[in-house]
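*Asks:* Starting off with a structure, shown below.
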Amino acid sequence: MVEKKRAFITGATGQDGSYLCELLLEKGYQVFGLQRRASLPNTARIDHLYEDTENPDFVMLYGDLADSSNLFRIINKVKPHEIYNLGAQSHVGISFDKAEYTANIDALGPLRLLEIIRNVDFPIRFYQACSSEMFGKVLETPQKETTPFNPQSPYGASKVFAFNVTKQYRTGYGLFASNGILFNHESPRRGVNFVTRKITLGLSRVKLGLQPLLRLGNLDAKRDWGFSKDYVEAIWRILQHKEPGDFVIATGETHTVREFVEEVAHNLDMSLTWKGKGMEERGIDTKTGKTIIEVDPRYFRPNEVDMLLGDSSKARKVLKWKPKVTFKKLAALMTEEDFAYAEREAILHNTIANQRKFMSYGLQNGKNSSQRKTRRAKN
Ligand code: NAP
Ligand code: GDD
């Protein structure tokens, strides 16, 4: 019998990790995912892979990128053919508040893995999840593999460290270690505090009357947004290539946050106009005259990355990869899922409100009858 390929994925519970688990299982791999201990379940994105019975090809193991001995024990036991290091504190804004932690996980985490790979006596192909945030305040447009880095956050700086050590272990020790420089990629599984998901869920809730408005930061920031499922296909191709290397993965289109808002509003059949400038700018629903978007200084970052636009010609040529989902399609598919999600929330909300009404009606009745009694007694 042919031995199945074994993959170890850090960040398996995250957006990309969950799609990558699905892809590798479809391809016949045995998949081992790293899971952090949490006080509440953190496996919602992969629970469907277990279904009702245990899947022998899908195993989750407790661990943390801060814990070398734990990582060594797992790698030595699993003996993976491929390691995909997707685990990270991945929120750029939060990296300013959790700078040391971000560096520990996002910069030293990959170093810990590379050290283990260098010291075990079986070959492992290593993928490092790097980021277009490394380009920061861009020194060239569009950004490609040769564009100099200029990171603007503890997150971006940590990913530059990760990029460099991955490259050094490749050239210095001959490891099959590759970097994917991925531009922003989204999906209905995106964390709710990233801007696209915040907009698709937030505007859906506004539409259904579950919240009055949405507060955002910099509406002028431009990003090259793709679809996570397309991007995990590229990640897999990077490790299947005959030689290791560094690859930019991007759509080659850039849009402002404001444009993403407009696209989502259009999908929700809301007519939106902008009034005011800078911090005073507001998005108005022209049908109701209500403000549905406000600018909030809390969502600005100490340093902003104004514009990202990737040139993924190398990946398109060498890996035969190209994205399938466009900006408009991405906004549409995310809006559709989040509107359905918000509708379920609205049903729950109404059920609870009705229960409250029913209970307070009962209480009021009780109160009225006791008041009546009191009155009677008094009278
Ligand atoms: P995500 O949804 O935030 O997932 C991050 C994953 O890392 C989660 O599984 C998380 O576990 C795990 N993690 C966090 N801290 C950890 C630790 N100390 N030890 C072990 N695991 C830890 O991120 P994503 O969007 O899927 O991104 C995947 C990777 O690609 C990240 O490295 C990110 O920096 C990078 N990247 C993402 C994009 C993008 O646009 N999505 C672009 C470029 C690069 P919990 O579920 O327990 O939190
Ligand atoms: N999160 C957030 N929330 N961002 C906002 C908001 C808001 O309310 N309002 C405006 N923005 C702007 C941010 O300032 C940024 O310029 C842009 O929207 C995108 O923000 P995020 O969605 O948080 O993503 P990111 O670009 O900072 O980082 C993502 O992409 C990187 C690749 O370029 C993350 O996935 C990183 O992990 C990834 O490396």
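*Asks:* Taking Asn193 and the conditions (1) open to solvent by 30 Å² or more (accessible area, probe 1.4 Å); (2) touching a Leu at 6+ places or on another chain (Cβ under 9 Å); (3) within 15 Å of ligand 1 (Cβ to nearest atom); (4) farther than 19 Å from Ile249 by Cβ, which numbered condition does it fall short on, given that it satisfies the others?
*Replies:* Failed condition: (2).
*Asks:* What number of residues within segment 310-335 are surrounded by 15 or more Cβ atoms within 10 Å (Cβ to Cβ) and farther than 30 Å from Phe149 by Cβ?
*Replies:* 3
*Asks:* Going by the conditions given, is Gly14 without any contact (Cβ under 8 Å) to a residue 40 or more places away in the chain, surrounded by 23 or more Cβ atoms within 10 Å (Cβ to Cβ) and not aromatic (Phe, Trp, Tyr)? Give the steps one after another, and end with the answer.
*Replies:* On the way: without any contact (Cβ under 8 Å) to a residue 40 or more places away in the chain: no; surrounded by 23 or more Cβ atoms within 10 Å (Cβ to Cβ): yes; not aromatic (Phe, Trp, Tyr): yes.
When the stated conditions are applied, Gly14 does not pass them.
*Asks:* Kindly indicate whether Lys27 is within 19 Å of Lys229 (Cα to Cα), at pLDDT 95 or above, over 18 Å from the mean Cα position of the chain (by Cα) and not aliphatic (A, V, I, L, M).
*Replies:* Judged against the criteria, Lys27 is a match.
*Asks:* Out of all the residues in segment 147-174, which are of a type in the set (Phe, Trp, Tyr), within 16 Å of ligand 1 (Cβ to nearest atom) and under 12 Å from Pro110 (Cα atoms)? Reasoning before the result, please.
*Replies:* Step one: filter segment 147-174 for residues of a type in the set (Phe, Trp, Tyr), giving 149, 155, 161, 163, 169, 173.
Adding the requirement that they be within 16 Å of ligand 1 (Cβ to nearest atom) leaves 149, 155, 161, 163.
Residues satisfying the conditions are Phe161, Phe163.
*Asks:* Mind listing just one residue for me: the one in segment 196-221 that is open to solvent by 40 Å² or more (accessible area, probe 1.4 Å), away from ligand 2 (no atom under 12 Å from the Cβ) and part of a loop (DSSP other than H, G, I, E, B) and, of those, farthest from Phe339 (Cα to Cα)? Don't jump to the end; show me each part of the working.
*Replies:* To start, the set of residues in segment 196-221 that are open to solvent by 40 Å² or more (accessible area, probe 1.4 Å) comprises 198, 205, 207-212, 215, 220.
Going one step further and asking which of them are away from ligand 2 (no atom under 12 Å from the Cβ), we end up with 205, 207-212.
Within this subset, residues satisfying the condition of being part of a loop (DSSP other than H, G, I, E, B) are 208-212.
Values: Leu208: 9, Gly209: 12, Leu210: 12, Gln211: 13, Pro212: 16 Å.
So, considering only residues that are open to solvent by 40 Å² or more (accessible area, probe 1.4 Å), away from ligand 2 (no atom under 12 Å from the Cβ) and part of a loop (DSSP other than H, G, I, E, B), the one farthest from Phe339 (Cα to Cα) is Pro212.
*Asks:* Go through (1) over 26 Å from Glu304 (Cβ atoms); (2) of a type in the set (A, V, I, L, M); (3) within 15 Å of ligand 1 (Cβ to nearest atom) one by one and return the number of the condition Ala129 breaks.
*Replies:* (1)
*Asks:* Consider only pairs whose beta carbons are under 8 Å apart and that are at least six residues apart or on different chains; among these, list those whose first residue lies in segment 226-247 and is more than 24 Å from Tyr173 (Cβ to Cβ) and of a type in the set (D, E, K, R) and whose second residue is within 14 Å of ligand 1 (Cβ to nearest atom) and open to solvent by less than 10 Å² (accessible area, probe 1.4 Å).
*Replies:* Close Cβ pairs satisfying both conditions: Lys229/Ser187.
*Asks:* Check Leu71, Leu65 and return the single one that is within 25 Å of Gly191 (Cβ to Cβ), in contact (Cβ under 8 Å) with a residue 40 or more places away in the chain, within 16 Å of ligand 2 (Cβ to nearest atom) and buried (at least 21 other Cβ atoms within 10 Å of the Cβ).
*Replies:* Details: Leu71 fails: within 16 Å of ligand 2 (Cβ to nearest atom).
Answer to the check: Leu65.
*Asks:* Could you look through segment 105-140, keep only residues that are of a type in the set (D, E, K, R) and in a loop (DSSP other than H, G, I, E, B), and pick out the one that is most open to solvent (accessible area, probe 1.4 Å)?
*Replies:* First, pick out the residues of segment 105-140 that are of a type in the set (D, E, K, R): 106, 112, 115, 118, 121, 125, 133, 137, 140.
The next check asks that each one be in a loop (DSSP other than H, G, I, E, B); those that pass are 121, 137, 140.
Working: Asp121: 146, Lys137: 83, Glu140: 65 Å².
Of everything passing the filter in segment 105-140, Asp121 is most open to solvent (accessible area, probe 1.4 Å).
*Asks:* Check Tyr50, Tyr101 and return the single one that is among the aromatic types (Phe, Trp, Tyr), surrounded by fewer than 16 Cβ atoms within 10 Å (Cβ to Cβ) and within 15 Å of ligand 2 (Cβ to nearest atom).
*Replies:* Values: Tyr50 fails: within 15 Å of ligand 2 (Cβ to nearest atom).
Criteria check complete, one pass: Tyr101.
*Asks:* Scanning for something of a type in the set (Val, Ile, Thr) and under 30 Å from Ala221 (Cβ atoms), does segment 346-367 turn up at least one residue?
*Replies:* Taking segment 346-367 as the starting set, the residues that turn out to be of a type in the set (Val, Ile, Thr) are 347, 351-352.
From what is left, the residues that are under 30 Å from Ala221 (Cβ atoms) are none.
The answer is no, given that none of the residues of segment 346-367 is of a type in the set (Val, Ile, Thr) and under 30 Å from Ala221 (Cβ atoms).
*Asks:* Among the aromatic types (Phe, Trp, Tyr) and at pLDDT below 95: which single residue out of Tyr341, Tyr361, Tyr299 fits that description?
*Replies:* Tyr361
*Asks:* Right, here's the next one. Please go through segment 170-185 and give me each residue that is more than 8 Å from ligand 2 (Cβ to nearest atom) and of a type outside the set (A, V, I, L, M, F, W, C), ordered by number. It would help to see each step written out before you state the result.
*Replies:* In the first step, residues of segment 170-185 are kept if they are more than 8 Å from ligand 2 (Cβ to nearest atom); the result is 170-181.
Of everything in segment 170-185, those that are more than 8 Å from ligand 2 (Cβ to nearest atom) and of a type outside the set (A, V, I, L, M, F, W, C) turn out to be Arg170, Thr171, Gly172, Tyr173, Gly174, Ser178, Asn179, Gly180.
The values are calculated or read from the model by the stated rules, or taken from the named source; none is laboratory data. Everything numeric in this text was worked out from a predicted model, so none of it was measured. Here Cβ is always computed from backbone atoms with ideal geometry, including for glycine, and neighbour counts include all displayed protein chains. These area figures cover heavy atoms from the full protein model, side chains too; ligands, DNA and RNA do not enter into them. Shrake-Rupley method; radii C 1.70, N 1.55, O 1.52, S 1.80 Å.
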